[in-house]
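Encoded as structure tokens, the structure appears first; notes follow it.
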Amino acid sequence: LQLGEKYIQPETKEVNGILVTKTMSENWDNIWNFQARPDDLLIASYAKAGTTWTQEIVDMIQNDGDVQKCQRANTFDRHPFIEWTLPPPFNSGLDLAEKMPSPRTMKTHLPVQLLPPSFWKENSKIIYVARNAKDTVVSYYHFSRMAALLPNPGTWEEFLEAFKAGKVLWGSWYDHVKGWWDAKDQHRILYIFYEDMKEDPKREIQKILKFLEKEIPEEILNKIIYHTSFDVMKHNPMANYTTLPISFLDHSISPFMRKGMPGDWKSHFTVTQNEEFDKDYQKKMAGSTLTFRTEI
Ligand code: A3P
């Protein structure tokens, strides 16, 4: 895998039944033994849940709304993605995290049972962001088409089936959102929803502020809402992933900042796909108190 070279499909492997890239699986012992620190903040999510958005909000909060400071580096360099492993010479998330001075803010897509146990031991704060399954699978499909580092999604029909079966990177969405939902009662986890952020960003940013034990003036809060809106982030090169080479992410296939709207699934699911999805969803989510909104 070389910059500018035609990309080779990544091989995948399972770690404890969860699909990951082969390079990640080979680095698994190091990932599992990662040393968290008590003042770490971890932003956790299933892929495509609004992670980047949450990261930008958190960075703006931590930097008191200083836009320039938030443009010091790309999202992925500001917040190490702990399990993400690339072949040398590229930095892995672990390398970045270990080099980073405290207090660190990091990102993960790991399901709760695969989170390095030191996070629990050190009682690090965690923000988990969740997004409804239908918009998640649509976003994940388009991202898989444009991201050479992810397995090829195949057709929409094929990807939808793979998603329902949990045979995609980071495993089953259903188990992921439920697993973290259950964990929130035992740990310092703030569980938030993409749809709520879209509906009322002020209210959700205030929840994050409270969780981070931080107070800011109203004027800075408004600045954060503006700077982290979809349209502004879409044009922010330090947040929209356009600084990566085209051989990694090809925004001409589908931009990273694609639609940013709850309910976009309606332009992808057929009536039959929707009915089948709902039926399967009821089964998989039965018994959980966790509920989602598929539109706002
Ligand atoms: P869509 O593909 O539906 O547009 P992640 O950061 O977890 O990979 O999630 C990416 C998804 O979040 C994409 O969804 C992206 O457009 C959306 N997103 C990113 N920034 C956003 C923002 N500021 N407001 C709303 N959605 C945002």
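The values are calculated or read from the model by the stated rules, or taken from the named source; none is laboratory data. All values reported here derive from a predicted model rather than from experimental measurement. FYI the Cβ positions are ideal-geometry reconstructions off the backbone, even for glycines, and counts take in every protein chain you see. Quick note on the areas: whole protein, heavy atoms, side chains included, nothing else; ligands and nucleic acids left out. Shrake-Rupley method; radii C 1.70, N 1.55, O 1.52, S 1.80 Å.
With a cut-off of 10 Å between beta carbons, the residues surrounding residue 258 carry a summed charge of +2, where Lys and Arg count +1 and Asp and Glu -1. For the residues 252, 92, 25, a GNM of the chain with alpha-carbon springs under 10 Å puts the largest fluctuation on 252. Sparsely packed loop sites in region 97-167 (the GluC sites (Glu not before Pro) outside DSSP H, G, I, E and B with at most 16 other Cβ atoms within 10 Å) comprise 122. Take the alpha carbon gyration tensor of region 45-202, find the square roots of its eigenvalues, order them as a ≥ b ≥ c, and report rounded if a/c is under 1.5; if not, report prolate when a/b exceeds b/c, else oblate. It comes out rounded by the Cα gyration axes. Counting Lys and Arg as +1 and Asp and Glu as -1 over every other residue whose Cβ lies under 11 Å from the Cβ of residue 72, the net charge comes to -1.
Label positions at residue 218 and residue 120, each projected 7 Å from the Cα along the C-beta direction, are separated by 4.4 nm.
For the chain, a Gaussian network of Cα nodes joined below 10 Å ranks 283, 234, 125 by mean-square fluctuation, and the top entry is 283. Subtracting the Cα-Cα distance of residue 63 and residue 286 from 0.36 nm times their residue separation leaves 76.2 nm of extension gain.
Only Lys, Arg, Asp and Glu carry charge here, each on its Cβ (+1 for the first two, -1 for the last two); on that basis region 201-247 has a dipole of about 120 debye about its Cα centre.
Shape verdict for the chain, please, from the Cα gyration tensor: rounded (a/c under 1.5), prolate (a/b greater than b/c) or oblate. Rounded, because the longest to shortest axis ratio a/c is under 1.5. Cross-link partners for residue 13 among the lysines, with Cα-Cα distance under 19 Å and sequence neighbours closer than 8 places in the same chain left out: 22, 164, 167. For region 1-110, the set of trypsin sites (Lys or Arg not before Pro) satisfying both a DSSP loop assignment and a count of at most 16 other C-beta atoms within 10 Å is given as 6, 72. When a/c reaches 1.5 or more, the comparison of a/b and b/c decides; with that in mind, is region 161-268 rounded, prolate or oblate per its Cα gyration tensor? Since a/c reaches 1.5 but b/c is at least a/b, the shape of region 161-268 is classed as oblate. Annotation: per residue accessible area for the chain equals 45 Å², rounded to a whole number [probe 1.4 Å, protein chains only].
Applying 0.36 nm per residue to the separation of residue 230 and residue 99 and subtracting their alpha-carbon distance, the gain on full extension is 44.1 nm. Extension gain, residue 188 to residue 259, is 22.4 nm, computed as 0.36 nm per intervening residue step minus the present C-alpha separation. Rounded to the nearest 20 debye, the dipole size of the chain about its Cα centre is 80 debye, using +1 on the Cβ of Lys and Arg and -1 on the Cβ of Asp and Glu.
Cross-linked pairs 134/283; 207/284; 134/223; 134/284; 48/259: Cα-Cα separations exceed 19 Å for 207/284; 134/223. Taking Lys and Arg as +1 and Asp and Glu as -1, the other residues whose beta-carbon sits under 14 Å from that of residue 119 total +3. Modelled spin labels at residue 278 and residue 15, positioned 7 Å past Cα toward Cβ, are 3.8 nm from each other. Along region 34-39 the Karplus relation, 6.51 cos²θ - 1.76 cosθ + 1.60 evaluated at θ = phi - 60°, assigns HN-Hα couplings of 4, 8, 6, 10, x, 9 Hz to successive residues, with x for each Gly and Pro.
Secondary structure note: in the chain, about 25% of the DSSP beta bridges are antiparallel. In a DSSP loop and with at most 16 other Cβ atoms within 10 Å, the GluC sites (Glu not before Pro) in region 166-235 are 213, 215. The portion of the accessible surface of region 111-157 made up by carbon and sulfur, rounded to a whole percent, is 54 (1.4 Å probe; DNA, RNA and ligands excluded). Helix content alone sets the calculated 222 nm mean residue ellipticity of the chain: runs of n ≥ 4 DSSP H residues at -39500 (n - 2.57) each, divided across all residues, give -11500 deg cm²/dmol.
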